[in-house]
Structure formats: C-alpha cells, structure tokens
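The values are calculated or read from the model by the stated rules, or taken from the named source; none is laboratory data. None of these values were measured; they are calculated from a predicted model. Here the Cβ positions follow ideal geometry from the backbone for every residue, glycine too, while neighbour counts run over all protein chains shown. With ligands, DNA and RNA removed, areas are computed over all heavy atoms of the protein, side chains included. Shrake-Rupley method; radii C 1.70, N 1.55, O 1.52, S 1.80 Å.
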Amino acid sequence: MTVTTRQQRFDVIVIGSGIGGLTVAALLSRLYRKRVLVLEQHFTAGGFTHTFERQGKFHWDVGLHYVGDMGEGSTGKAVFDYITNGNLRWHKMPDPFEKFVYPDFTFEVYSDADRFQTDLIRRFPGEQTAIRQYFKDVQKAAFWFGAHSMLELLPVWLHPLLRRIVRYFGAIARQTTQQYLDRHFQNAQLKALLASQWGDYGLPPSQSCFGIHGLIVTHYLKGGWYPVGGAKAIAQSIIPVIEQAGGAVITQRRVTEILLKSGVAVGVKAQNTAHSKADLETYLAPIVVSDAGVFNTYIKLIPPSYSLAERQKIQAFPKSSSMVTVYLGLKIVHNN
Ligand SMILES: Cc1cc2nc3c(=O)[nH]c(=O)nc-3n(C[C@H](O)[C@H](O)[C@H](O)COP(=O)(O)OP(=O)(O)OC[C@H]3O[C@@H](n4cnc5c(N)ncnc54)[C@H](O)[C@@H]3O)c2cc1C
C-alpha cells in the first residue's frame, strides 16, 4: 500500500481525542505553545465524552453522567478552566445528587460530606465509629493513588521518601474494597450501600482496589457537576485552544503504527477510516503521546520488531470485563 506523508509540521502528535488526549494537547498548546496534532479514529472527537443523536430528537452522551470536584476554587475546575480557556461552564446537580436504590431501602446522598456521614450514622447508629473511620480511610486511599501516580514524575531524590509514604498508605489502599468493608463493618446493608458507587469504576467490591474506591468516593463528596451543553461541550471548548496554537484535531484517522527511528518515536502511520482503500498517511513529529490505552499502544501500535521489556507483562495482564451499552429512546404513550 502507498503511504502519503503529510507536510504540515507539528511538534507533538496525540493518538486519540478522549479527555486524556485533549487535555495533554491543550496543556502543551497553552503552556509551551506547541503545535499539537490530535488524530482520532472516530468521526466525532471526544472519546467517551462524545455525544450522538438519532432522528433529530434522541440525544445520548456515550459516557458522562457527572463529574466531581468542579466547585469554585477546586483543582478540577481550575484545570478545566485552563484547558478550555474558561469557555466551559458547569452546572451543579441538585441535591440529593445521587440515590442508591435497593429492593428494601433507598438512600439519598447530598453534596456535603458531613451530611453524608451523619445520614449514614443516623441509619446505622451501631456502626458509628467504623463510619467515621471510613471517611478518613477513603481520603487516605485517594491520597495513596495520587502519590503512587506522581512517584515517577517527581525528582529522583524525593523517591525514597515518597515510596515510604506510598507504602504506608498502601496498607489501606491495596486491599480489595470487599476486604476493607468486611474488616470494618457488620451490617450487610451498610456494606452494600458503601459499595454502591462501584458502577463508576466498573469492578465489583471483591475485585476492586480500595485505593480506586477511595478515589471515586472522595471525588464526589462535594457533589456532581455536568457540563452546560452536554458532554460534547468538553471537546468543543478544548479544540479551539489547540487550534489557536497552530495545532489541529483530525477525525477519521486510525493510527496503525507508531514510527520509530533508533528507538525514538518520530511519527505515526494512519488510516483514513472514511476511505478504507485510501493510502496510509504518515504524520511526523518529534514527540508522540498515546491516549489509545496501554494495550493498544504497546501491543498494537509499537511494531513487534522493537523489543520492549513490558510487552510480555502487558500481554499477560488479565483482561477486564467487556461492557455493552444500549442507548434507548423511549416513546411516551399517553392513555386517555
Ligand atoms: C459508560 C461510561 C460512563 C462513564 N461515566 C463517567 C462519569 O459519569 N463521570 C466521569 O468522570 N467519568 C465517567 N466515565 C469514565 C470516563 O468517561 C473515561 O474515564 C474517560 O472519558 C476516558 O478518557 P480517555 O481519554 O482515557 O479515553 P477515551 O475516552 O476512551 O479516548 C480514547 C480515544 O482514542 C481513540 N483511539 C483509540 N485507538 C486509536 C487509534 N489507533 N487511532 C486513533 N484514535 C484512537 C478512541 O476512538 C477514543 O476516542 C464513564 C465511562 C463509561 C464507559
């Protein structure tokens, strides 16, 4: 197959236009005035934040339900303000913003951590001490996740100290959510209630890491927000920031290979997904960032001829559960 090389020069290529890819692209555009090219295989940018409609009357967000940490003064809001140049507004969800519905009871969650705790204690007074401890432990677990993720980014001289901190908090965070709940609580209803948000991270308590559970729980302690204009407003407000710095977001381009020269990424090959018979295109840039996931990046996009120590480990990593989402449009039938 012929390969066409695109002449336009970019400083960075980002594979995939999910929120991860768009955030990296916008940060590089604003902080360092880099010309960033984002290549997206789908015909709409945004990854799990994109939306679609049918028949002009049914509209679906493919992923987003709510985002935490978007109040004034929060880090999340500051990051979004920066990458959208202040062009994305957030609507706070009304209280109670979350409702856990079980066959024999319902529990409403308000956007106030103290109230969440008090409401739990009122309902399960015998477990008061464990409930108070739980609210401290989810913070510790979330801190562990942050420290663990930051470890490699910080100067090497800080690593020994940080490793000790990570190990200390890891004692709480590295157990499964079920282990934590079984060790601290007696009441089965309360355990179910506290595990309710597992749908947000996709694994049941017996398989999920308490560190991730803590991260999600603390993320929503102040409530939930939704982007004004729907999830699509996220990509719509980030893309102009990338373009203003001379970058571009091109959809319908599936990256098929990361090009390497002497072990260094120098560009990508991409397929135009609108024309499967079209020539492969080559895009060159001295930096390539992938938002296509670890498996796709290391196993599918980096050629097998390039030896990678991590490849075997990644291949052996257990696959997570598959998920199918059905988007329903409901017709309301009025009797009488
Ligand atoms: C059903 C569902 C509901 C969710 N609800 C929420 C919520 O309410 N709140 C919340 O905070 N989070 C929620 N999430 C999680 C959140 O949406 C995701 O964590 C986040 O959007 C992931 O972003 P990402 O950039 O990592 O990946 P993605 O959004 O998956 O983006 C990756 C992009 O890369 C593209 N790509 C992959 N391979 C290639 C290739 N070879 N060439 C070119 N492009 C490629 C893909 O098409 C995709 O657009 C939800 C997720 C799901 C699935």
Breaking point among (1) in contact with a helix residue (DSSP H, G or I) (Cβ under 8 Å, 6 or more places away or on another chain); (2) over 26 Å from Ile121 (Cα atoms); (3) open to solvent by 50 Å² or more (accessible area, probe 1.4 Å); (4) more than 11 Å from the ligand (Cβ to nearest atom), for Glu72: (1)
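Each row is one residue, and each column tells you yes or no for (1) modelled with pLDDT under 95; (2) in the same structural domain as Val109 (by TED's automatic domain parsing); (3) over 19 Å from the mean Cα position of the chain (by Cα).
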residue	(1), (2), (3)
Thr177	no, yes, yes
Tyr180	no, yes, yes
Leu193	no, yes, yes
Trp198	yes, yes, no
Tyr201	yes, yes, no
His213	no, yes, no
Val217	no, yes, no
Every residue from segment 134-173 that is open to solvent by 80 Å² or more (accessible area, probe 1.4 Å) and modelled with pLDDT of 95 or more: Lys136, Gln139
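Could you tell me which of the residues Val38, Val24, Val14, Val67 is within 12 Å of the ligand (Cβ to nearest atom), in contact with a strand residue (DSSP E or B) (Cβ under 6 Å, 6 or more places away or on another chain) and open to solvent by 30 Å² or more (accessible area, probe 1.4 Å)?
On the way: Val38 fails: open to solvent by 30 Å² or more (accessible area, probe 1.4 Å); Val14 fails: open to solvent by 30 Å² or more (accessible area, probe 1.4 Å); Val67 fails: open to solvent by 30 Å² or more (accessible area, probe 1.4 Å).
The match here is Val24.
Restricting to strands (runs of 3 or more DSSP E) lying wholly in segment 1-92: which have 3 or more residues that are over 30 Å from Leu221 (Cβ atoms)?
Values: elements: 3-5, 12-15, 36-39, 51-54, 58-61, 90-92.
Strands (runs of 3 or more DSSP E) meeting the threshold: 3-5, 12-15, 36-39, 51-54.
Within segment 286-318, count every residue that is closer than 30 Å to Gly202 by Cα and more than 16 Å from the ligand (Cβ to nearest atom). Steps first, please.
From segment 286-318, those closer than 30 Å to Gly202 by Cα are 288-302, 308-318; that's our starting set.
With more than 16 Å from the ligand (Cβ to nearest atom) added as a condition, the list becomes 308-313, 315-318.
Summing the residues that are closer than 30 Å to Gly202 by Cα and more than 16 Å from the ligand (Cβ to nearest atom) in segment 286-318 gives 10.
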Cβ-Cβ under 7 Å pairs, at least 6 apart or on other chains, segment 217-243 side within 20 Å of Leu39 (Cα to Cα) and among the aliphatic types (A, V, I, L, M), far side more than 14 Å from the ligand (Cβ to nearest atom) and open to solvent by 20 Å² or more (accessible area, probe 1.4 Å): Val241/Arg30; Val241/Asn85
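Look through Phe80, Phe48 and report the one residue that is within 16 Å of Ala235 (Cα to Cα) and open to solvent by 50 Å² or more (accessible area, probe 1.4 Å). So that I can check it myself, show each step before the final result.
Working: Phe80 fails: open to solvent by 50 Å² or more (accessible area, probe 1.4 Å).
On inspection, the qualifying residue turns out to be Phe48.
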Top-ranked residue in segment 75-87 [being free of Cβ contacts under 8 Å to residues at least 12 places away in the same chain and in contact with an Asp or Glu (Cβ under 8 Å, 6 or more places away or on another chain); ranked as farthest from the ligand (Cβ to nearest atom)]: Thr75
